[in-house]
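The values are calculated or read from the model by the stated rules, or taken from the named source; none is laboratory data. This structure is a prediction, so every number in the text was calculated from the model and none was measured. In this analysis, Cβ positions are derived from the backbone assuming ideal geometry, glycine residues included, and neighbour counts consider all displayed protein chains.
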Amino acid sequence: MLALLLLCLRLLRAEPLAYPAVISPQDPTLLIGSSLTATCTVSADSRLRAEDLYWTLNGRRLPAASYAALGATTLSVALARLNGSKQQSGDNLVCHSRDGGILAGSCLYVGLPPEKPVNISCWSKNMKDLTCKWAPGTEGETFLHTNYTLKYKLRWYGRDNTCQEYHTAGPYSCHIPKDLALFTPYEIWVEASNRLGVAVSDVVMLDILDVVTTDPPADVHVSRVGDLEDQLSVRWSSPPALKDFLFQAKYQIQYRVEDSSEWKVVDDVGNQTSCRLAGLRPGTVYFVQVRCNPFGIYGSKKAGIWSDWSNPTAASTPRSERAAGGCEPKGGEQNTTLRRELKQFFGWVKKHAYGCSNLSIKLYDQWRVWLQKSHKTRNQVLPGDKL
Amino acid sequence: MAAAETPSAALRRRDLCSRGIRLAGKMRSDVADLLDVYVERQGLDASANVAALDGVPAAAAERWGEQTESQRLLDNLAAYRAFRALLTEMLEEQRDQAGPADTALREALAAVLLQVSAFAYHLEELLRLESRGPPGEEGARPPAGPRLGLGLFERKLRGLGVLRELAQWAVRSARDLRQLSKPGPGGTAAVPAGPAESQ
């Protein structure tokens, strides 16, 4: 045990940090453009004298013209019109001996007071929590580290609370995980503070019910519509977390082809939980995502907040038999084909949908499925026959 | 000590040494990267002279070749326990003072702290294979008092000194473990050289 103690004592050598000089002021905070005179004083019993010293700022030697010897053991340096700190950990102003050794150092924090945080926005996931984001003032944190504190209280009678979980949704965000009240608005604000001061944002007032978002729709399925080469059917379930609450939901779909990063958005889906995508490219893989906007929760009049998009679901459209030939029909041929198809369509309507005044795209789709089937049968019987 | 080892204990010891050497190599390389980031973010000169620092275990060892196996393990354990406390302190200072721009530095510091903790655990396991096990941690915490009075520049320099010394310790530790895994009276087999050995 004694050996161990001696060992520890040997390892943790208790030599104090003995810097042979002192810089004044130590670690000052200054406004951009201000001036500073610093002094480096070596101890009187040292053999060093003022003329043996020189200064560096962030490793660059400062010109001797800015020095002044104040007695035998003190050298001052004058810094004018200071720029913002090069690093947030502070500029290093160092006093050296003639041989380059470091005698003492001081960190200079040069910057601006914080500006009022702006653009506070908040959302509650399934009414269980609250996350808020904001933007720093225009100068942001360019030179000095700025601390942000999100505070909130129930309007009228609450006491101030401080949010604890920062950076959960980006650099300027905070998450309140629980203990939130419904049906009473909250006052929310952000305080920015740095070494040069404090700035407080405007107060935002919100009711949790007005800022609810939810999980993305679950069980998104994408499937083919018979043999229709330009369509896909999308089905999904409403988010499970909000099923118990009185709410309406609207949905959006976005889709893109496999080799493109550009999404096409379908925003007229309404509150249905299925939709058909039309006008697609035959024989192509599509990625599809759905998102949900819950609104009118417990009678809230505010527009809801869109959920994240569901994970992409992929499906491919059937390969076109005509396209497979690798030959696009010419304009004249296209017209003839269209006329023939329309003539066939009206004949089919007369036969199969007599008395149905509700002509819709669904009926047209049904006809196209029928047409594809009849072509297939015909091709099987008469392989030489063309469309 | 090694002579009394059972075959399973010898195997365990060999495995621990082997993994420890690899960990020391990784630590050496990560601390070197961390030093680069640290020097850049703190605006320091990488070649700045830092005198011996209070509470920072020095890697330099006199008569290293004459040390016993126990002494090697105890030296290492005391050093890494001290580094664990020192790095924790540095991480706290970073949290207090640095902004979002220093996230990479904080993450790298946290990663090295984890490695140091893992290495200390390795050493404790090796000492458990000895008859008496690892010593208590009372003496491992560096005295907190003097640093309270340090200026911010001194703290920056101190951090530089800690990381430099840790990098040296990683090299020394790999060699210590290599010594430990050499065939001895107990018949333990040699362990292939780790990356730190080639540094």
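Taken over the range A:216-226, the residue count meeting the criterion of being touching a helix residue (DSSP H, G or I) at 6+ places or on another chain (Cβ under 9 Å) and buried (at least 18 other Cβ atoms within 10 Å of the Cβ) is 1.
Candidates B:32, B:46: the one that is more than 8 Å from chain A (Cβ to nearest Cβ), in a loop (DSSP other than H, G, I, E, B) and either modelled with pLDDT of 90 or more or in contact with a helix residue (DSSP H, G or I) (Cβ under 8 Å, 6 or more places away or on another chain) (or both) is B:46. Checked against (1) farther than 19 Å from residue A:165 by Cα; (2) within 27 Å of the chain's Cα centre (by Cα), residue A:223 meets all criteria but (2). Can you tell me which of (1) modelled with pLDDT of 90 or more; (2) surrounded by 21 or more Cβ atoms within 10 Å (Cβ to Cβ) is the one residue A:56 doesn't meet? Here residue A:56 meets the rest and fails (2). I'd like to know if the range B:98-115 contains one or more residues that are more than 22 Å from residue B:23 (Cβ to Cβ), modelled with pLDDT under 70 and assigned to a helix (DSSP H, G or I). The answer is yes; a qualifying residue exists.
With respect to the conditions (1) surrounded by 14 or more Cβ atoms within 10 Å (Cβ to Cβ); (2) modelled with pLDDT of 95 or more; (3) more than 16 Å from residue A:24 (Cβ to Cβ), residue A:63 lacks only one, and its number is (1).
Kindly list the number of the only condition in (1) at pLDDT 85 or above; (2) of a type outside the set (Gly, Ala, Ser); (3) surrounded by 12 or more Cβ atoms within 10 Å (Cβ to Cβ) that fails for residue A:329. Only one criterion in (1) at pLDDT 85 or above; (2) of a type outside the set (Gly, Ala, Ser); (3) surrounded by 12 or more Cβ atoms within 10 Å (Cβ to Cβ) is unmet by residue A:329, namely (1). Inclusion of residue B:92 among residues that are free of Cβ contacts under 8 Å to residues at least 12 places away in the same chain and either in contact with a strand residue (DSSP E or B) (Cβ under 9 Å, 6 or more places away or on another chain) or assigned to a loop (DSSP other than H, G, I, E, B) (or both) is not warranted.
Counting only strands (runs of 3 or more DSSP E) wholly contained in the range A:13-91, the ones carrying 3 or more residues that are hydroxyl-bearing (Ser, Thr, Tyr) occupy A:36-42. For the range A:86-97, the set of residues classified as more than 9 Å from chain B (Cβ to nearest Cβ) and buried (at least 19 other Cβ atoms within 10 Å of the Cβ) consists of A:95, A:96, listed by residue number.
Taken together, B:40, B:93, B:89, B:66 contain a single residue that is under 18 Å from the mean Cα position of the chain (by Cα) and of a type outside the set (Ser, Thr, Tyr), which is B:89. Restricting attention to the range B:51-66, does a residue exist that is over 23 Å from residue B:111 (Cβ atoms) and either more than 14 Å from chain A (Cβ to nearest Cβ) or crowded, with 21+ Cβ neighbours inside 10 Å (or both)? For the range B:51-66, residues over 23 Å from residue B:111 (Cβ atoms) and either more than 14 Å from chain A (Cβ to nearest Cβ) or crowded, with 21+ Cβ neighbours inside 10 Å (or both): present. Being more than 16 Å from residue A:307 (Cβ to Cβ), surrounded by 20 or more Cβ atoms within 10 Å (Cβ to Cβ) and either among the hydroxyl-bearing types (Ser, Thr, Tyr) or out of contact with any Leu (no Cβ under 9 Å at 6 or more places or on another chain) (or both) is a description that does not apply to residue A:251.
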